[in-house]
Amino acid sequence: MKLITTLFLALVSVSLHAQDVTSTMEKRAREMARVISVNDPAAWKKFVLENYTQALIDKPMRATVNENGGTSTTTATESTNLDAKVKLFERLHNDFGDHDLVSINTKDQQVEMVLLNSQGLRGTFKLTFEKTKPYLISGLGIEAGN
């Protein structure tokens, strides 16, 4: 009986841990969507500082744009990598400030969030999270298109 109780407690613990991770990742994704909708650089900066890993903050920004069959890559020119992340939120606000949150799907250490703006622009946000608490955002990819 003691073995069954121990096994049951272990399964409950694993299940609660998975729920905690999923809940935290989804909460961070929903907060990102909310912050995109506000026109406040201080809120954007606060979100980055509280939700991104330091490694992601320190990583230089790079964007690849595919338009009309051509591809171009640009590197951010802001004074710091943090400034570049805040500038990204400005661009996201300009594109998705009036969005509807279409979906949030969680799998492993990733969340895929889809936003749709009033002009029909669809943004797919792929957030990767740390495997350990506090489950900060360690990677971000964004695809936008109609």
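Need a quick list: strands (runs of 3 or more DSSP E) entirely within the range 87-146 having at least 2 residues that are open to solvent by 80 Å² or more (accessible area, probe 1.4 Å).
It comes to 100-107, 122-129.
How many residues does the range 44-65 contain that are among the polar types (S, T, N, Q) and surrounded by 13 or more Cβ atoms within 10 Å (Cβ to Cβ)?
2
The values are calculated or read from the model by the stated rules, or taken from the named source; none is laboratory data. Keep in mind the model is a prediction, meaning the values are calculated, not measured. Here the Cβ is made from the backbone with ideal geometry for all residues, glycine too, and neighbour counts use every protein chain on show. Just the protein is used for accessible areas: all its heavy atoms, side chains included, with ligands, DNA and RNA removed. Shrake-Rupley method; radii C 1.70, N 1.55, O 1.52, S 1.80 Å.
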